[in-house]
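The values are calculated or read from the model by the stated rules, or taken from the named source; none is laboratory data. Everything numeric in this text was worked out from a predicted model, so none of it was measured. Note that we place each Cβ from the backbone using ideal geometry, even for glycine, and neighbour counts take in every protein chain shown. Note: accessible area is taken over every heavy atom of the protein model, side chains too, but ligands, DNA and RNA are not part of it. Shrake-Rupley method; radii C 1.70, N 1.55, O 1.52, S 1.80 Å.
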Amino acid sequence: QVQLVESGGGLVQAGDSLRLSCAASGRTFSTYTMGWFRQAPGKERQFVASINWGIAYTSYTDSVKGRFTISRDNAKNTVYLQMNSLKPEDTAVYYCAAAVAVGVLRDYNTYDYWGQGTQVTVSS
């Protein structure tokens, strides 16, 4: 069982930066694929980024490439999402997720554990 707790969300202006953190419980954290998703009001949950257990490979949705960076610290059981040059369209609840499966996982149905989410609001 893995429990995930996100933090770091908030209200910022366009162009600002935020760093989201996701603290995970469980001794096997380092073996999970970790992902970030977001969901805006009235929209489906959207893949944002993922990182595999070996940190060798990351994947991003096109709209955040070059602006967002996903990373993980297995010693701290934490995954991060550094978000730069934020835009109003980045406004959403951001969720951290963990998957037993390996590989590039963009489908939220492939993730086994979810956090409660943290709100990110970007004003213009």
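General remarks:
- Sub-6 Å Cβ pairs linking a first residue in the range 108-120 that is over 17 Å from residue 80 (Cβ atoms) and aromatic (Phe, Trp, Tyr) to a second residue that is in a loop (DSSP other than H, G, I, E, B) and open to solvent by 20 Å² or more (accessible area, probe 1.4 Å), at least 6 apart or interchain, are 108/45, ordered by first then second residue.
Condition check ((1) in contact with a His (Cβ under 9 Å, 6 or more places away or on another chain); (2) within 15 Å of residue 39 (Cβ to Cβ); (3) of a type outside the set (D, E, K, R)) across all residues:
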{"residue": "73", "(1), (2), (3)": "no, no, no"}
{"residue": "89", "(1), (2), (3)": "no, yes, no"}
{"residue": "109", "(1), (2), (3)": "no, yes, yes"}
{"residue": "116", "(1), (2), (3)": "no, yes, yes"}
{"residue": "119", "(1), (2), (3)": "no, yes, yes"}
{"residue": "124", "(1), (2), (3)": "no, no, yes"}
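- Checked against (1) at pLDDT 90 or above; (2) of a type in the set (S, T, N, Q); (3) more than 15 Å from the chain's Cα centre (by Cα), residue 30 passes all but condition (1).
- Test for residue 119: is it assigned to a strand (DSSP E or B), open to solvent by 70 Å² or more (accessible area, probe 1.4 Å) and more than 20 Å from residue 1 (Cα to Cα): yes
- Residues of the range 8-54 classified as among the polar types (S, T, N, Q) and open to solvent by less than 50 Å² (accessible area, probe 1.4 Å), total: 6
- Count of the range 83-104 residues, restricted to those that are under 18 Å from residue 18 (Cβ atoms) and either surrounded by fewer than 16 Cβ atoms within 10 Å (Cβ to Cβ) or at pLDDT below 95 (or both), is 5.
- Flag for residue 90 being in contact (Cβ under 8 Å) with a residue 12 or more places away in the chain and of a type in the set (Asp, Glu): yes
- Test set (1) modelled with pLDDT under 95; (2) touching a strand residue (DSSP E or B) at 6+ places or on another chain (Cβ under 8 Å); (3) within 16 Å of residue 103 (Cα to Cα) - residue 54 fails condition number: (2)
- Candidate set from the range 64-81 (those that are within 14 Å of the chain's Cα centre (by Cα) and open to solvent by 60 Å² or more (accessible area, probe 1.4 Å)); member that is nearest to residue 1 (Cα to Cα): 69
- Residue within the range 41-51 that is under 17 Å from residue 1 (Cα atoms) and not polar (S, T, N, Q) present: no
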